[in-house]
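A.B. asks: Below you will find the structure I want to go over with you.
The values are calculated or read from the model by the stated rules, or taken from the named source; none is laboratory data. Because the structure is a prediction, the values reported are computed rather than measured. So basically every Cβ, Gly included, is an ideal-geometry build from the backbone, and we count neighbours across all protein chains shown.
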Amino acid sequence: MAVNGPRPIIIGNWKMNGTSESLGEIRLMTGMLDGVELGCDVVVCPPATLIRQVHEMLSESKIGTGGQDCHPEPNGAFTGDISAEMLRDAGARYVILGHSERRHYHDESDALVRRKAEAAHRAGLVAIICVGETELERGAGDTLDVVSRQLAGSVPKGSGAENTIIAYEPVWAIGSGVTPTSDEIGEVHRAVRHWLAERLGDEAARAMRILYGGSVKSTNAADIFAIPDVDGSLVGQASLKAKDFLGIIGQFAPC
Ligand code: PGA
């Protein structure tokens with residue numbers, strides 16, 4: 001984490017997990033955090049079906065709620081899709097965009113991710129824009145090229161620290177239990193910060209949060225958060241159980 005850097009943020013991505021039974025984890029979380037001063041911002045992104053309930057359960061806490069995707073248009077004949085405005089109406093203040101699972105399973109291009117990020121901004125949501133290389137791309141030495149190409153295609157004009165978060169998630173580290181070395185993470189985060197400085201200016205780049213995601217758990221979180229330019233994490237599997245998630249959040253002492 002950068003000294004004097006932005007306030008860290010931990011974002012839980014439940015993916016396609018969770019029914020009303022899982023709300024018990026939110027109850028557990030609010031119970032355990034009652035009266036606790038957090039050292040970071042915290043957001044939970046449940047499936048869309050639970051956003052309103054999670055938002056209502058978290059309304060007394062400082063924990064935010066987010067969606068996992070949105071359509072670029074505000075409304076219309078797009079069966080099965082959800083707009084940024086609808087997420088906002090349900091209580092979300094954040095939305096994950098361009099996650100590698102969306103890019104892979106739904107063929108999402110950088111251009112589409114950028115339109116979705118514009119929609120998020122239009123609706124007053126913070127866009128969490130994900131980038132990251134595959135194992136093949138890393139093996140070919142293309143990591144920094146891939147990440148800067150994704151940033152150039154996906155981050156819209158008008159992005160700033162107040163409406164955008166970047167999540168670096170190497171595809172091969174997601175759900176695999178394998179994480180890059182600290183040097184590898186540090187190299188990409190430094191490059192992302194540099195890219196942001198060139199496009200958005202030094203001030204916006206310094207203030208924007210750059211998260212690492214991919215197999216983060218309570219046992220490796222402290223090492224990852226100690227890497228310069230890592231301002232928190234996007235957490236998948238370890239965000240599903242309150243105890244695991246709090247083990248990660250607890251790495252940041254209140255400041
Ligand atoms: P993981 O997922 O923590 O389960 O590896 C991270 C993500 O996909 O955001």
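A.B. asks: Of all residues in the range 39-61, how many are buried (at least 19 other Cβ atoms within 10 Å of the Cβ) and assigned to a loop (DSSP other than H, G, I, E, B)?
C.D. replies: Total satisfying the criteria: 3.
A.B. asks: I would also like to ask the following. Name the one entry in L240, L234, L200 that is modelled with pLDDT of 95 or more and either closer than 22 Å to T164 by Cα or among the hydroxyl-bearing types (S, T, Y) (or both). Break it down into steps so the answer makes sense when it comes.
C.D. replies: Values: L240 fails: either closer than 22 Å to T164 by Cα or among the hydroxyl-bearing types (S, T, Y) (or both); L200 fails: modelled with pLDDT of 95 or more.
Result of the check over L240, L234, L200: L234.
A.B. asks: Another question about this same structure. Return yes when D41 is closer than 20 Å to H121 by Cβ and of a type in the set (D, E, K, R) and no when it is not.
C.D. replies: Taking the combined requirement at face value, the residue satisfies it.
A.B. asks: Collect the residues in the range 77-126 that are among the aliphatic types (A, V, I, L, M), over 17 Å from G158 (Cβ atoms) and away from the ligand (no atom under 16 Å from the Cβ), keeping them in residue-number order.
C.D. replies: A77, I82, M86, L87, A90, A92, L112
A.B. asks: Sticking with this structure for a sec: With the requirement that a residue be away from the ligand (no atom under 16 Å from the Cβ), touching a Lys or Arg at 6+ places or on another chain (Cβ under 9 Å) and on the phi < 0 side of the Ramachandran plot, what does the range 204-232 give you?
C.D. replies: A205, R206, M208, P228
A.B. asks: Whether any residue in the range 135-150 is farther than 25 Å from V192 by Cα and surrounded by 13 or more Cβ atoms within 10 Å (Cβ to Cβ) is what I want to check. Spell out how you get there, then give the answer.
C.D. replies: Filtering the range 135-150 for residues farther than 25 Å from V192 by Cα gives none.
There is no residue in the range 135-150 that is farther than 25 Å from V192 by Cα and surrounded by 13 or more Cβ atoms within 10 Å (Cβ to Cβ).
A.B. asks: Please specify each residue of the range 155-182 satisfying the condition of being within 16 Å of the ligand (Cβ to nearest atom), in contact (Cβ under 8 Å) with a residue 40 or more places away in the chain and polar (S, T, N, Q).
C.D. replies: Answer for the range 155-182, where residues must be within 16 Å of the ligand (Cβ to nearest atom), in contact (Cβ under 8 Å) with a residue 40 or more places away in the chain and polar (S, T, N, Q): just T179.
A.B. asks: Assuming G64 fulfils every condition listed in (1) surrounded by fewer than 21 Cβ atoms within 10 Å (Cβ to Cβ); (2) in contact with a helix residue (DSSP H, G or I) (Cβ under 7 Å, 6 or more places away or on another chain) apart from one, which condition is it?
C.D. replies: It fails just one condition, (2).
A.B. asks: Specify which of the listed residues (T30, T65) is part of a strand (DSSP E or B) and of a type in the set (S, T, N, Q).
C.D. replies: T65
A.B. asks: Between residues in the range 104-123 that are modelled with pLDDT of 95 or more and residues that are of a type in the set (D, E, K, R), which pairs lie under 6 Å by C-beta distance while being six or more apart or on different chains?
C.D. replies: E108/R102; A123/E85; A123/R88
A.B. asks: Could you give every pair whose Cβ atoms fall below 8 Å, whose first residue belongs to the range 183-205 and is surrounded by fewer than 16 Cβ atoms within 10 Å (Cβ to Cβ), and whose second residue is of a type outside the set (D, E, K, R) and not in a helix (DSSP H, G or I), counting only separations of at least 6 or pairs across chains?
C.D. replies: R190/P228; R199/V155
A.B. asks: Same structure again: Within the range 68-87, work out how many residues are part of a loop (DSSP other than H, G, I, E, B) and in contact with a Ser or Thr (Cβ under 7 Å, 6 or more places away or on another chain).
C.D. replies: Just the residues of the range 68-87 that are part of a loop (DSSP other than H, G, I, E, B), to begin with: 68-70, 72-82.
Next cut, in contact with a Ser or Thr (Cβ under 7 Å, 6 or more places away or on another chain) only: 70, 73-75.
Counting residues in the range 68-87 that are part of a loop (DSSP other than H, G, I, E, B) and in contact with a Ser or Thr (Cβ under 7 Å, 6 or more places away or on another chain) gives 4.
A.B. asks: Are any residues in the range 11-27 in a helix (DSSP H, G or I), surrounded by fewer than 21 Cβ atoms within 10 Å (Cβ to Cβ) and either more than 21 Å from the chain's Cα centre (by Cα) or not polar (S, T, N, Q) (or both), and if so, which ones?
C.D. replies: S20, E21, L23, G24, R27, listed by residue number.
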